[in-house]
Structures are given as C-alpha cells and as structure tokens.
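J.: Supplied in structure tokens, the structure appears directly below.
The values are calculated or read from the model by the stated rules, or taken from the named source; none is laboratory data. Model, not experiment: these values are computed from the prediction. Neighbour counts run over all protein chains shown; Cβ positions are idealised from the backbone, glycine included. Just the protein is used for accessible areas: all its heavy atoms, side chains included, with ligands, DNA and RNA removed. Shrake-Rupley method; radii C 1.70, N 1.55, O 1.52, S 1.80 Å.
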Amino acid sequence: MYTDTLTNLFNEFQFSEQLLRPIIATLILVTAIVIIRAILSKFIRKSVRSTDLRRRWFVQTRNALLLLMVIGLMLIWAEELRTLALGIVAIAVAFVVATKELIMCLTGSLVKSGGSAFSIGDRIQIKEFRGDVIDQNLLTTTILEVGPGKHSHQRTGRMIAIPNSLFVSEPVVNESYTHDFVLHVFTVPFKREDNWHAAQSALLESANRHCADYVEQARRYMQRMSDHRGIDVPSADPRVTISVPAAGEIHLIIRFPCKSGMRSFMEQSILNDVFQHNDFTPITKQSKTELAEQ
C-alpha cells in the first residue's frame with residue numbers, strides 16, 4: 001500500500017510538471033510582450049511627432065504583438081490542444097454512433113417531406129409494410145396495415161409504426177397518388193386449356209357494368225390530374241389484357257377505375273358476378289361436337 005501511495009504521488013507530480021512547463025512559458029511570453037509593448041510605446045511617443053502617424057504606429061504595434069502572442073501560445077500549448085481536439089473528436093464520434101438511428105430518422109423525415117412522397121390517408125408500401133397512413137412525425141410514420149400480401153385490400157386490424165430511417169434507403173410505393181379515383185388492377189389465372197376467351201369477355205363486360213355509373217366522372221378526374229401534375233394518365237376505361245407468365249398458363253389482368261376506398265369491394269363484386277354465373281372449365285371434344293350439332 002505504501003508503494004501504491006508513492007506511485008500515485010509520483011504520477012500526480014509528473015502530471016503537474018507537464019502542466020507547469022507551458023504555464024511558465026505562457027507567463028514568460030506574456031511578460032515579454034508587455035515589456036516589449038511598453039518599450040515600443042515609449043519609443044514611438046518620443047520619436048514620432050505627427051499625431052496621426054503616432055496613432056497608426058500604436059495600432060500596428062499592438063496588432064503585431066497580439067498576433068505574436070497568439071502564435072506563441074499556440075506553439076506552447078500545441079500538445080495540450082492536440083489532446084483536447086482528439087478528445088472532442090472522440091466525443092463527437094461516440095455521440096454520432098449512439099444517436100445514429102435518431103439522426104437517420106430525422107434525415108428520413110426531411111427526405112420524406114422534401115419529396116412529398118405521400119400524405120395522410122394515402123396507401124403506401126415500403127419493404128414488406130403496406131397500409132394506410134394515419135399519422136407521421138419527425139421519428140415515425142404510422143400506418144393501418146392492409147393485407148395479407150400485396151394484392152389484398154382488407155385491413156388486418158394491426159397498426160404499424162415505421163421508423164423514418166427506412167425512407168432514406170428504401171423506395172416508397174404510393175398506391176393512392178391520384179387520391180379520389182384510382183386504377184385498380186388484379187389478376188385471374190387460367191390454364192391454357194381453360195375457356196379463358198369466354199372469361200375475358202365476361203370479366204370485361206362485368207367491369208364495364210360495375211363502373212358505368214362513375215366512369216365518365218373518373219375520366220374527367222384523371223384528365224385534371226394529368227393537367228395538374230404534367231403527366232400522362234392512363235385511360236380510365238376498363239380493360240382486360242392477357243399475360244403468359246409460364247408455359248401452359250394464361251393470366252387475365254383486369255384494370256378498372258374505382259373510388260379510392262372501394263377497391264376491394266369492386267374486385268369482389270366483379271369476381272362474384274363472373275364466376276357465379278359462368279363455368280370456364282376446358283371444352284372437351286365431345287362438348288365441341290355437341291355444340292356443333294346444336
């Protein structure tokens with residue numbers, strides 16, 4: 001224990017000695033500057049007769065001595081200033097690391113606001129999160145989840161708080177950028193041998209019938225959106241297109257206009273209307289013969 005006490009005293013003495021040297025050097029520098037200034041001031045008063053010239057020499061001498069003192073102090077305390085700077089940098093790095101997520105959330109909020117990607121009430125998708133925006137602040141964006149999957153439009157009853165840091169690195173899909181009316185798309189798969197020709201006609205006829213009451217209003221709205229945003233908005237008329245994702249498969253892609261909150265209802269209405277009254281099973285050779293005889 002006696003040895004530890006001597007060691008601590010020695011360390012404290014060494015630490016004090018390290019600080020004592022620059023302090024003494026600083027006192028010497030300040031004293032020298034004061035003496036030099038006094039000597040130069042006395043010399044200027046005796047040698048310079050003009051008042052303006054004397055004042056100019058006083059100012060220049062003072063500024064030169066002040067600059068000399070600043071440079072001298074920087075040289076004397078260079079080691080201590082370097083240690084202090086390293087300490088400040090270390091603290092700054094630790095602060096950034098500790099608050100990385102918070103900083104990214106604030107940055108994401110700026111990116112989201114600056115890009116005007118969406119607003120309250122829009123249906124968005126980012127990564128696997130999809131739903132209707134009900135709240136947003138500097139740190140999080142809250143949505144009511146819609147699912148399951150990307151093609152369902154029913155609310156699951158769950159609320160998701162998304163950190164705004166995701167908006168820095170992940171793309172955002174806004175499914176409601178046209179707000180009042182949207183173009184809803186869904187797919188109906190068939191096999192190659194199914195009677196998909198009849199299904200195509202039935203789906204188009206049903207979509208036209210269900211959209212007849214507001215399709216003209218949707219056209220006018222889409223045209224206003226086109227004029228306001230300066231973009232080409234697709235036609236609002238219902239249509240059914242064909243896709244062949246794999247050999248032996250035919251997918252019918254149905255697209256129609258509907259009000260923003262009626263997507264799921266309209267999709268289910270069209271599907272129920274078509275498949276409740278039609279059978280699109282494959283037409284066999286016997287059926288073809290019977291149809292020909294009739």
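J.: Tell me which of these Asp194 doesn't satisfy, since it passes every other one: (1) among the acidic types (Asp, Glu); (2) assigned to a helix (DSSP H, G or I); (3) surrounded by 13 or more Cβ atoms within 10 Å (Cβ to Cβ).
T.: (2)
J.: Tell me, please, whether a residue that is open to solvent by 50 Å² or more (accessible area, probe 1.4 Å) and in a loop (DSSP other than H, G, I, E, B) can be found in region 181-191.
T.: no
J.: Looking at region 151-174 only, could you name the residues that are closer than 15 Å to Arg263 by Cβ and of a type outside the set (Val, Ile, Thr)?
T.: His151, Ser152, His153, Gln154, Arg155, Asn174
Condition check ((1) out of contact with any strand residue (DSSP E or B) (no Cβ under 7 Å at 6 or more places or on another chain); (2) at pLDDT 80 or above; (3) of a type in the set (Phe, Trp, Tyr)) across all residues:
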| site | (1), (2), (3) |
| --- | --- |
| Thr187 | no, yes, no |
| Tyr214 | yes, yes, yes |
| Ala218 | no, yes, no |
| His228 | yes, no, no |
| Asp237 | yes, yes, no |
| Glu249 | no, yes, no |
| Leu271 | yes, yes, no |
| Gln276 | yes, yes, no |
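J.: Still on this structure: If I go through region 141-167 residue by residue, how many of them are touching a strand residue (DSSP E or B) at 6+ places or on another chain (Cβ under 8 Å), part of a loop (DSSP other than H, G, I, E, B) and loosely packed, with under 13 Cβ neighbours inside 10 Å?
T.: Adding up the residues that qualify gives 3.
J.: Right, something else. Counting just the residues of region 28-78 that are outside any helix (DSSP H, G or I) and hydrophobic (A, V, I, L, M, F, W, C), which one comes out modelled with the highest pLDDT?
T.: Filtering first and then ranking leaves Trp77.
J.: Name the residue that is farthest from Arg45 (Cα to Cα), counting only residues in region 58-76 that are among the aliphatic types (A, V, I, L, M) and surrounded by 16 or more Cβ atoms within 10 Å (Cβ to Cβ).
T.: Ile76
J.: Any chance region 222-242 includes a residue that's in contact with a Pro (Cβ under 7 Å, 6 or more places away or on another chain) and open to solvent by 60 Å² or more (accessible area, probe 1.4 Å)?
T.: Within region 222-242 (the criterion being in contact with a Pro (Cβ under 7 Å, 6 or more places away or on another chain) and open to solvent by 60 Å² or more (accessible area, probe 1.4 Å)), the answer is no, since none of the residues qualifies.
J.: Against the definition (open to solvent by less than 50 Å² (accessible area, probe 1.4 Å) and either in contact with a Pro (Cβ under 7 Å, 6 or more places away or on another chain) or modelled with pLDDT of 85 or more (or both)), how does Glu170 come out, yes or no?
T.: No; evaluated as a whole, the condition is false for this residue.
J.: Also: Condition first: touching a residue at least 12 places away in the same chain (Cβ under 8 Å), open to solvent by 80 Å² or more (accessible area, probe 1.4 Å) and not β-branched (Val, Ile, Thr). Now tell me which residues in region 91-131 satisfy that.
T.: Once the filter is applied, which keeps residues that are touching a residue at least 12 places away in the same chain (Cβ under 8 Å), open to solvent by 80 Å² or more (accessible area, probe 1.4 Å) and not β-branched (Val, Ile, Thr), region 91-131 yields Glu101, Leu102, Lys127.
J.: I've got another one for you. Quick one: how many residues across region 88-124 are among the polar types (S, T, N, Q) and within 13 Å of the chain's Cα centre (by Cα)? Steps first, answer last, please.
T.: Kept after step one, since they are among the polar types (S, T, N, Q), are these residues of region 88-124: 99, 107, 109, 113, 116, 119.
In the following step, the residues that additionally are within 13 Å of the chain's Cα centre (by Cα) were identified as 107, 109, 113, 116.
Here the count works out to 4.
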